[in-house]
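The values are calculated or read from the model by the stated rules, or taken from the named source; none is laboratory data. Since the structure is predicted, the reported quantities are computational estimates derived from the model, not experimental observations. Cβ sites come from the backbone with ideal geometry, for glycine too, and all protein chains shown count toward neighbours.
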Amino acid sequence: MRILVTGGAGFIGSNFVRRTLDDAYPGLTGAHVVVLDALTYSGNLENLAAVADSDRYSFVHGDIRDSELLDRLFPDVDAVVHFAAESHVDRSVRDASIFVETNVLGTQKLLDAALRNGVKRFVHVSTDEVYGSIAEGSWDEQRPLEPNSPYSASKAGSDLLARSYFRTHGLNVSITRCSNNYGPYHFPEKVIPLFVTNLIDGLHVPLYGDGNNIRDWLHVDDHTRGIAMVLVGGRAGDIYNIGGGTELSNKELTQLLLDATGTDWSYVDRVADRLGHDLRYSVDISKIRAELGYEPLVPFATGLAEVVQWYRDNRAWWQPLKDRAAL
Amino acid sequence: MIGLVMASSPARALDPRVAVVTVSYGSGAVLEGFLHSVSAASTVAPIVIVADNKPHDGAGVAALAARYQASYLPLDTNLGYGGAINAAAATLPASVEWILVSNPDVCLMPGALDGLLATGNSDVRIGSVGPAITTSDGAVYPSARVVPSLRTGIGHALFANIWIGNPWTRAYRNDAVPSEKSRDAGWLSGACVLVRRSAFAALGGFDEGFFMYFEDVDLGYRLGKLGYRNVYDPAATVIHSGAHSTTGDSDRMIEVHHHSARRFLSKKYSGWWLWPVRAILNVGLNVRSAVVRRRHDH
């Protein structure tokens, strides 16, 4: 099998690439991977250094909106796993245009190219944020979409496009919706790596509002394993939630990070809440559990401790990224 | 951990983002020229480290390093070129973004390091930048080459010394492209090359399985395969006076050269189904090594 992975140099995409080439996923053993990545600010080739020697890996620098490029690549591709997206909510609040261009228009270009070139399988990777905020209980896949940020609205648009290509054209596409990811190689503008890298350097961290916003945390290894399961066994036109099973308020998460770095609340600056900040996300993973046998395997305490240690050990990876992004 | 100090006159500010690393193997006679040239190659002062693969030969390398305010790193055993560079790179602070890897018998022309840095910083996809490398008599050395394929590699190996201008060597050396033209290359000569530190670190530095030769081919190949660009920038120039530290040991160097070629090709053609290719290359390289040694002995 030859898999084209868009956004394969990013945090989640590179994890999927590394583990696929490590033959970690049943059904994808021996697969070849072509990474297509525009290497915008968060794409980083160093995330893929571990597989650079693999004769099953190749890299193409390019934009998912470049239809001519897609038509050159897709004839040799059996499956597409589409990670490429603008994903930082704060950036979407400041300027939504690139989110619409990449997430909506880019997905449409990919879906069209897949259709034109007869790609047999397409997995569109999305987010639980498309559901909006939920006060109690958990969303299942039938929940109507009520995105509240420009980022989540753009992802909801791309989800609906993907679904429409199944309904209209019969494209073999499945959609995954994950909760908040964490793990190594996470770009240091996101809350966990930002807090960890700041705190181990004795710098302050910003906590939005009252810190009571609740997120479900999913280790990136669990997430990409779920995606691989959907790629191999998911049904065309279906949506699969992927969650980690650890719900924490931002305040609770901050306490864990302060503990892990040996710091205290004097390092936390309360800042004005994010515009449109959803109070709680929570996904019901009954479907993927029942149909594909998915379970989150990485306990949050273990995963978080490993992540903190990873950032302690890999300053050479994150320091240039923070400097470049002026974080 | 060795101390890191400024390698320049006090007029230039230390730039902790840039390091220069060189390797001595009885290189006292040429090292001073190199260290002196570093101070004129940039408007800022880089961190400079001299790794010494032969620290007990009385070449005065430590004293020279001290005179130029470079850090001196004596190595207990001869780690080879790549190994010594890796050992030095491991001591660099996290602030370093670019490492100029250079032989000590190189002389950087004024502004060369600034030029390489400007090119490297122009694109996050650039993993390495190489200058124009000239010999002492002004001839341009083909330092920006394509990664050898089976066809060009075999043709070059067989005919480079007996058929000047053979098409395989010309293709391998990129001879069709004017040497004064900036371009992307498959790999850049490790005699003097600026490497993005984060990419270098992510790849684990030079493959220390190459004692000498081909470690630069391998690094360029791995950078390129990962997705980075190797860019030749002839606006920056250095003079390379030659392989001074190996001239007295040619038979062994021929053997090492062929061993490294074998290792690189085995890595590049690593799939299990390519074992016949590896076997044929192995036989060919053994024969070539014997022939070259015999010619050298005569």
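If we scan segment A:174-187, do we find a residue that is in contact with a Leu (Cβ under 6 Å, 6 or more places away or on another chain), surrounded by fewer than 22 Cβ atoms within 10 Å (Cβ to Cβ) and not acidic (D, E)?
Scanning segment A:174-187, I find no residue that is in contact with a Leu (Cβ under 6 Å, 6 or more places away or on another chain), surrounded by fewer than 22 Cβ atoms within 10 Å (Cβ to Cβ) and not acidic (D, E), so the answer is no.
If you check A:L258, A:L248, A:L253, which single one turns out to be of a type in the set (A, V, I, L, M, F, W, C), farther than 25 Å from A:A135 by Cα and outside any loop (DSSP other than H, G, I, E, B)?
That would be A:L258, the only listed residue that is of a type in the set (A, V, I, L, M, F, W, C), farther than 25 Å from A:A135 by Cα and outside any loop (DSSP other than H, G, I, E, B).
Residue check: is B:V96 of a type in the set (A, V, I, L, M, F, W, C), surrounded by fewer than 21 Cβ atoms within 10 Å (Cβ to Cβ) and either closer than 21 Å to B:N174 by Cβ or in contact (Cβ under 8 Å) with a residue 60 or more places away in the chain (or both)?
No.
Quick check: is even one residue across segment A:284-294 touching a residue at least 40 places away in the same chain (Cβ under 8 Å), in contact with a Lys or Arg (Cβ under 9 Å, 6 or more places away or on another chain) and of a type in the set (D, E)?
Yes, segment A:284-294 has at least one match.
Just need a number here: residues in segment A:230-241 that are touching a helix residue (DSSP H, G or I) at 6+ places or on another chain (Cβ under 8 Å), part of a helix (DSSP H, G or I) and surrounded by 22 or more Cβ atoms within 10 Å (Cβ to Cβ).
Residues meeting the conditions: 1.
Against the conditions (1) buried (at least 16 other Cβ atoms within 10 Å of the Cβ); (2) out of contact with any strand residue (DSSP E or B) (no Cβ under 6 Å at 6 or more places or on another chain); (3) more than 23 Å from B:D123 (Cβ to Cβ), where does A:G106 fall short? Just the number, please.
So A:G106 meets the others, but not (3).
Which residues, counting only those in segment A:314-327, are away from every other protein chain (no Cβ under 11 Å) and without any contact (Cβ under 8 Å) to a residue 24 or more places away in the chain?
A:A326
What are the pairs with Cβ atoms under 7 angstrom where one residue, in segment A:211-231, is closer than 30 Å to A:R270 by Cβ and the other, located anywhere, is of a type in the set (F, W, Y)? Sequence gap at least six, or different chains.
Sorted first by the residue in segment A:211-231, then by its partner, the pairs are A:R215/A:Y281; A:D216/A:Y281; A:W217/A:Y182; A:W217/A:F300; A:H219/A:Y182; A:V220/A:F11; A:V220/A:Y182.
Enumerate the pairs (first residue in segment A:16-42 and more than 14 Å from chain B (Cβ to nearest Cβ); second residue anywhere and assigned to a helix (DSSP H, G or I) and of a type in the set (S, T, N, Q)) with beta-carbon separation below 7 Å, excluding pairs fewer than 6 apart on the same chain, so at least 6 apart or on different chains.
Sorted first by the residue in segment A:16-42, then by its partner, the pairs are A:F16/A:T224; A:R19/A:T224; A:L28/A:T20; A:A31/A:T20.
So which residues in segment B:176-202 are more than 14 Å from chain A (Cβ to nearest Cβ) and among the aliphatic types (A, V, I, L, M)?
If the condition is that a residue be more than 14 Å from chain A (Cβ to nearest Cβ) and among the aliphatic types (A, V, I, L, M), then B:A176, B:V177, B:A185, B:L188, B:A191, B:V193, B:L194 are the ones that fit.
Which one of these is surrounded by fewer than 22 Cβ atoms within 10 Å (Cβ to Cβ), touching a residue at least 12 places away in the same chain (Cβ under 8 Å) and either over 11 Å from the mean Cα position of the chain (by Cα) or in the same structural domain as B:L79 (by TED's automatic domain parsing) (or both): B:F200, B:F211?
B:F211
Across segment A:300-313, which residue is farthest from the other protein chains (Cβ to nearest Cβ) among those that are surrounded by 17 or more Cβ atoms within 10 Å (Cβ to Cβ) and not hydrophobic (A, V, I, L, M, F, W, C)?
Restricting to residues being surrounded by 17 or more Cβ atoms within 10 Å (Cβ to Cβ) and not hydrophobic (A, V, I, L, M, F, W, C), the top hit is A:G303.
When segment B:107-129 is examined, which residues are found to be hydroxyl-bearing (S, T, Y) and within 14 Å of another protein chain (Cβ to nearest Cβ)?
Matches in segment B:107-129: B:S122, B:S128.
Quick check on A:D90: is it of a type in the set (D, E, K, R) and within 14 Å of chain B (Cβ to nearest Cβ)?
Here the answer is no, as A:D90 does not meet what is asked.
The conditions are (1) among the polar types (S, T, N, Q); (2) at pLDDT 70 or above; (3) crowded, with 18+ Cβ neighbours inside 10 Å, and B:S266 fails exactly one of them. Which is it?
All conditions pass for B:S266, except number (3).
Keeping to segment A:268-279, report how many residues are touching a strand residue (DSSP E or B) at 6+ places or on another chain (Cβ under 8 Å) and surrounded by 18 or more Cβ atoms within 10 Å (Cβ to Cβ).
Counting residues in segment A:268-279 that are touching a strand residue (DSSP E or B) at 6+ places or on another chain (Cβ under 8 Å) and surrounded by 18 or more Cβ atoms within 10 Å (Cβ to Cβ) gives 1.
Working only within segment A:283-327, note down all residues that are touching a Pro at 6+ places or on another chain (Cβ under 7 Å) and either aromatic (F, W, Y) or in a helix (DSSP H, G or I) (or both).
Once the filter is applied, which keeps residues that are touching a Pro at 6+ places or on another chain (Cβ under 7 Å) and either aromatic (F, W, Y) or in a helix (DSSP H, G or I) (or both), segment A:283-327 yields A:V307, A:W310, A:Y311, A:W318, A:L321, A:K322.
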